[in-house]
Amino acid sequence: MSEQRKTSDQRKKKVNEPFLWESFKKGQSWAFKRIYMDYYDALFNYGSRMLHSESEAKDLIQDLFIRLWTRRRSLPGIRNLKGYLFTALRSVIIDYFRAGSRQVVDSDFLSGHTNFNISAEQEIIDRETTKETETFLLQSLDSLSNREKEAIYLRYYQNLDHKEIGRIMGLRYQSVRNLIHKALRSLREKM
Amino acid sequence: MNNSIDHYRITDFLEDSGFVAWVNGNDPETSATWESWMKSGPPNLDQAEQAIGLLRAMRQEGEREVPFSKEDEFAKILHRIMHRELISKDYGSTSLRKWLRVAAVIILLLVSGTGYLLIRSGFSPGRTLTSHEITVPKGSRTQITLEDGSTVWLNAESTLKYPSRFARSVRQVELTGEAYFTVTKSPDRPFVVLTSDVRIKVLGTSFNVKAYPNEDIIETTLESGLVNIEKIRAEKGESGKIILKPRQKLVLYKSTLNAEITEVKDKAGTAPVAAEGREPQEVRKPSLYSNYETELATSWKDGKLIFRGESLDLLTARLEKSYNVNIRIADPELNQKTYTGTFENETIEQALEALCLASDIKFTIEKNDITIYK
């Protein structure tokens with residue numbers, strides 16, 4: 001365990017997030033850029049899964065950061081910056097769908113579901129430590145419902161806690177727990 | 001540790017928030033507990049190991065780096081924001097001071113030949129004589145994206161003049177003060193920075209130029225690529241042309257027209273503020289940005305103030321510019337000490353306190369006037 005990879009979350013811990021956020025709200029461009037650089041990868045990862053399109057994800061993340069900057073003075077204080085940004089991006093994406101900028105492919109999208117795709121097999125196959133079970137489990141993720149996939153994604157791919165996931169997906173804490181429990185149970189049954 | 005953990009299967013581990021936090025390194029407190037449990041040879045060790053592998057694989061996938069330039073995307077965002085702010089009412093309704101703090105820039109779009117101020121968004125097609133002039137006040141800095149995609153970080157008390165569309169054969173801008181350029185490659189169209197005394201010509205590169213009118217030196221520091229520097233007032237019989245290589249700095253003395261080339265010192269890391277002749281003291285925690293490699297000359301664009309062996313009066317002159325304050329040194333002998341260190345997005349109070357900790361100085365602040373004494 002000693003060679004445990006440092007995740008970016010650990011690096012980010014060093015930043016005093018409330019200070020970063022307050023500086024950003026005061027219009028300090030360094031803070032704006034820092035937030036952007038720290039969270040772009042994760043936001044793009046999430047956005048491109050929601051949209052199934054990298055170019056649309058890019059555009060909507062631009063919109064997100066422009067919205068954040070122009071409204072910075074009226075934005076609330078935050079508890080978890082990553083969770084807040086994910087919530088904000090999700091609402092930008094939902095607005096985009098609602099505005100009819102794109103045909104809704106998935107009929108249940110507007111009821112809170114996302115057209116969510118998880119495919120980690122390629123990366124997994126590339127890794128030396130791959131074990132059959134892992135590959136199998138990850139492939140099985142595709143059989144989950146969109147909501148389950150999104151909850152699993154936010155919990156494990158993005159390391160967000162149940163409370164944050166609830167905020168992002170607009171669900172109660174217990175519903176998030178249940179959703180993840182149910183998803184894991186159905187994965188387990190496949191094993 | 002609870003015995004029931006010995007019966008966990010992969011998915012149980014995944015549902016255990018403590019376990020997930022441990023694997024993701026979020027919870028150093030419980031890590032010893034989990035590690036000793038792993039070492040105790042539990043019957044379901046393989047399940048735990050698979051859960052760890054799975055969690056790591058998912059995290060790795062979730063934070064995979066994007067396959068394109070985040071910087072370029074950021075430049076596009078800034079570009080869109082600038083044009084939006086120019087045309088929004090926000091510009092007129094906010095108090096000037098607030099605006100300065102907020103956008104860090106006053107933008108005057110001078111439409112040559114017409115004599116009135118015109119605020120517009122976007123660039124008009126075809127030939128146009130529109131030129132822009134951006135002046136950054138004391139205490140601020142800003143980033144500008146030019147029409148060809150090149151970006152310019154403009155430091156405090158600096159002015160950049162640039163056309164809304166560059167000419168076909170050359171991309172020319174005029175600079176007073178300090179700026180950091182990242183120039184988009186365009187082999188047929190050199191990029192030229194015109195300062196009071198030198199003309200700096202590049203094809204595509206990153207470099208910093210410091211040419212304040214009230215200082216005798218013009219400094220050009222190159223990060224990558226090659227630049228061609230030409231003295232505007234060359235001595236007779238002298239070509240006046242100088243080629244600068246990466247990690248070199250050119251200093252031109254305006255009074256004598258002498259030029260010196262020096263190698264740029266290595267990374268200006270995170271040295272705490274230290275006064276010479278004493279043990280360097282750790283006055284504050286190491287910088288948050290310590291892994292961001294930033295050169296001395298270009299650090300200002302990231303909100304850092306790095307100084308190496310600078311005397312107090314030079315240091316305070318830089319503080320005055322960055323923080324928009326007036327600093328008076330009451331005891332001239334304080335200038336004999338030199339200082340090395342980094343300030344990063346600190347308030348002026350924090351910066352001065354760091355200095356006080358490093359050497360025996362005191363200070364008073366009254367509005368924007370600061371006095372430093374023994």
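The values are calculated or read from the model by the stated rules, or taken from the named source; none is laboratory data. Predicted model only: the values in this text are computed from it and were never measured. When we count neighbours, we look across all protein chains shown, and the Cβ atoms used for this are built from the backbone with ideal geometry, even at glycine. Only protein heavy atoms, including side chains, enter the accessible area calculation; ligands, DNA and RNA are left aside. Shrake-Rupley method; radii C 1.70, N 1.55, O 1.52, S 1.80 Å.
Between the amide H of B:T184 and those of B:S150, B:T151, distances stay under 5 Å, these residues lying 5 or more places away or on another chain, with hydrogens modeled in the peptide plane.
Of A:K26/A:K82; B:K210/B:K241; B:K70/B:K241; A:K182/B:K39; B:K185/B:K249; B:K185/B:K254, which ones are farther than 25 Å apart at the Cα? Result: B:K70/B:K241; A:K182/B:K39; B:K185/B:K254 exceed 25 Å. Look at the stretch A:183-190: the mean tally of other chain Cβ atoms within 10 Å of its residues' Cβ atoms is 3.
Taking amide hydrogens as placed 1.01 Å from N in the peptide plane, the amide H of B:K337 sits under 5 Å from those of B:L312, each at least 5 positions away in sequence or on another chain.
Of the peptides B:326-334, B:255-263, how do they stack up when ordered by the mean number of other Cβ atoms within 10 Å, highest first?
Details: B:326-334: 14.0, B:255-263: 11.3.
So the order, starting with the most tightly packed, is B:326-334, B:255-263.
When peptides B:220-232, A:145-157 are sorted by average Cβ neighbour count within 10 Å, with the highest value leading, the order is A:145-157, B:220-232.
Karplus-based coupling profile of segment B:140-153, in residue order and whole Hz: 9, 7, 8, 10, 10, 10, 8, 4, 8, x, 5, 10, 10, 9, with θ = phi - 60° in 6.51 cos²θ - 1.76 cosθ + 1.60 and x standing for Gly or Pro.
Chains A and B together bury roughly 5900 Å² of accessible area, counting both sides, with a 1.4 Å probe on protein heavy atoms only. Simple point charges give the picture: +1 on the Cβ of Lys and Arg, -1 on the Cβ of Asp and Glu, and for segment A:9-106 a dipole about the Cα centre of about 520 debye.
For the peptide A:31-42, the mean number of other protein chain Cβ atoms found within 10 angstrom of a residue's Cβ is 4. Using the Karplus relation 6.51 cos²θ - 1.76 cosθ + 1.60 with θ = phi - 60°, the per-residue 3J(HN,Hα) values for segment B:19-30 come to 5, 4, 5, 5, 4, 7, x, 8, 10, x, 5, 8 Hz, with x marking Gly and Pro.
Summarise the partner chain shielding of B:69-79 as one whole number: the mean count of Cβ atoms from other chains within 10 Å of each residue's Cβ. Mind dumping the intermediate values first?
On the way: counts 0, 6, 3, 0, 8, 7, 0, 5, 11, 7, 1.
Mean inter-chain Cβ contacts per residue within 10 Å come to 4.
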